[in-house]
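S.K.: Let me begin by handing over the structure; questions about it come next.
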Amino acid sequence: MPDGPMYHRIADLLREEIRAARWKPGDRLPSHAELADQMQVSITTARNAIHVLVTENLVYTATSRGTIVRNQEVLESVVTDPLRPDRPRSAHDIFEEIAKAAGREPTKEFSAKMEPAGPEVALWLGLPLHSWVLARTVVQYLDNEPWSWEVSFYPRDLAEATGIDSPHDIPEGTTRRLADRGHAETAYRDTLAAHPASAEEAVVLDVATGTILLDHLRIGANHERVTRATRHRSIATGNRLAYELGDDEGTTLIRNTLDSSSAPGVSLP
């Protein structure tokens with residue numbers, strides 16, 4: 001191994017093995033104790049070596065499975081797809097549609113609760129501070145790997161009137177449920193930002209604190225009121241967001257051109 005602190009030398013070795021595909025996405029690396037024994041170092045040194053790879057987003061830690069190699073594929077989400085009026089009816093929400101199209105296996109952890117609106121949520125929904133809102137939270141996984149953290153907020157009366165205050169996930173998605181119950185969204189405002197992961201975000205997404213995240217806020221409304229605010233956070237290096245605007249003929253032409261023109265090793269901007 002090259003010169004330098006021992007934990008850096010071990011991290012360099014593991015990094016090269018990952019790049020050489022000795023360790024593939026989803027594989028479990030040796031535990032801290034196993035690595036320490038193999039390299040004849042202390043557990044602290046082994047732990048520091050793994051932490052280097054965590055900060056580089058090459059691996060993540062799963063409580064029940066240990067240190068797992070991340071999938072380095074960049075997943076593109078066309079975030080205007082859910083808004084298309086001709087979007088085919090489906091029993092799956094947009095996350096599952098994106099995952100299946102990429103050949104990945106989607107899973108979720110879902111929760112819902114009524115809570116008082118803080119300053120941000122009150123501003124987004126146009127409600128008085130501390131008004132009751134429904135928060136629907138989904139942590140989404142691809143092939144068991146944390147992919148995104150999404151929280152959607154709805155005014156309490158709208159949530160109760162449309163049944164989205166259910167304590168269970170809604171397979172077809174809440175925007176379809178709202179539309180089916182007479183509250184179709186007709187307008188949207190999206191805000192995109194990048195920021196370093198907070199301690200809470202790092203725990204949820206299994207990344208190092210400070211990892212750059214994509215933060216996508218979508219506020220939806222109809223002609224009468226703001227209906228929801230959805231905040232979607234994901235790891236910046238593993239995700240690409242695309243928008244398609246204009247008529248169907250033009251957007252289809254662009255898609256077909258990109259599909260036919262892409263070559264191995266060439267990434268879209």
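Bear in mind these aren't lab numbers, they're just calculated from the coordinates by the rules spelled out. Here the structure is a predicted model, which is why all the values come from computation and not from measurement.
S.K.: Looking only at ARG136, ARG177, ARG22, which one moves most when the chain is put into a Gaussian network model with springs between Cα atoms under 10 Å?
M.R.: Looking only at ARG136, ARG177, ARG22, the biggest GNM fluctuation is shown by ARG22.
S.K.: Over every pair of different alpha-carbon atoms in the stretch 152-269, take the mean of 1/r and invert it; report that Kirkwood radius in Å. Working shown, then result.
M.R.: Details: mean 1/r = 0.0581 Å⁻¹.
That comes to 17.2 Å for the stretch 152-269.
S.K.: First obtain the Kirkwood hydrodynamic radius of the chain from its Cα pairs, then insert it into the Stokes-Einstein equation at 4 °C and 1.567 mPa s, and state the resulting D in µm² per second as a whole number. Mind showing how you got there, number by number?
M.R.: Working: Rh = 20.8 Å.
D, rounded to a whole number, is 62 µm²/s.
S.K.: Let me ask another. Cα convex hull of the stretch 1-159: how many Å³ per residue? Present the calculation step by step, with values, prior to reporting the outcome.
M.R.: Numbers: hull volume 27.3 nm³, N = 159.
So the per-residue Cα hull volume is 172 Å³.
S.K.: Pick from PRO85, PRO30, PRO116: which is most flexible by mean-square fluctuation in a GNM of the chain where alpha carbon atoms under 10 Å apart are linked?
M.R.: Comparing PRO85, PRO30, PRO116 in the GNM, the peak value goes to PRO85.
S.K.: In Å and from the alpha-carbon atoms only, list the Rg and Dmax of the stretch 138-221.
M.R.: Gyration radius and largest Cα-Cα distance of the stretch 138-221: 15.2, 43 Å.
S.K.: Give me the mean projected area, in nm² to one decimal, of the convex hull enclosing the Cα positions of the stretch 6-69.
M.R.: On the way: hull surface 15.1 nm².
Here the figure is 3.8 nm², rounded to one decimal.
S.K.: With the cut-off at 1.5 for a/c, could you classify the stretch 198-257 from its C-alpha gyration tensor as rounded, prolate or oblate? Before the final figure, lay out each step's value.
M.R.: On the way: a/c = 5.06, a/b = 1.41, b/c = 3.59.
Oblate is the answer for the stretch 198-257, as a/c is 1.5 or above yet b/c matches or exceeds a/b.
S.K.: Still on this structure, please answer the following. Setting aside same-chain residues fewer than 8 positions from LYS100, which aspartates and glutamates have a Cα under 18 Å from its Cα?
M.R.: LYS100 reaches GLU73, GLU76, ASP81, GLU109, ASP143, GLU145, GLU172, ASP259.
S.K.: Just from its helices, what would the mean residue ellipticity at 222 nm be for the chain, if runs of 4 or more DSSP H residues each count -39500 (n - 2.57) and the sum is divided by every residue, rounded to the nearest 500 deg cm²/dmol? Could the numbers behind the result be given before it?
M.R.: On the way: 9 runs with 85 residues, N = 269.
My calculation for the chain gives -9000 deg cm²/dmol from helical runs alone.
S.K.: Please list, short to long, the whole-number percent of alpha-carbon pairs of the stretch 65-190 in consecutive 5 angstrom bins beginning at zero.
M.R.: 2, 9, 18, 20, 20, 15, 9, 5, 2, 0
S.K.: GNM on the chain, C-alpha springs below 10 Å: top fluctuator among ARG228, ARG28, ARG87?
M.R.: ARG87
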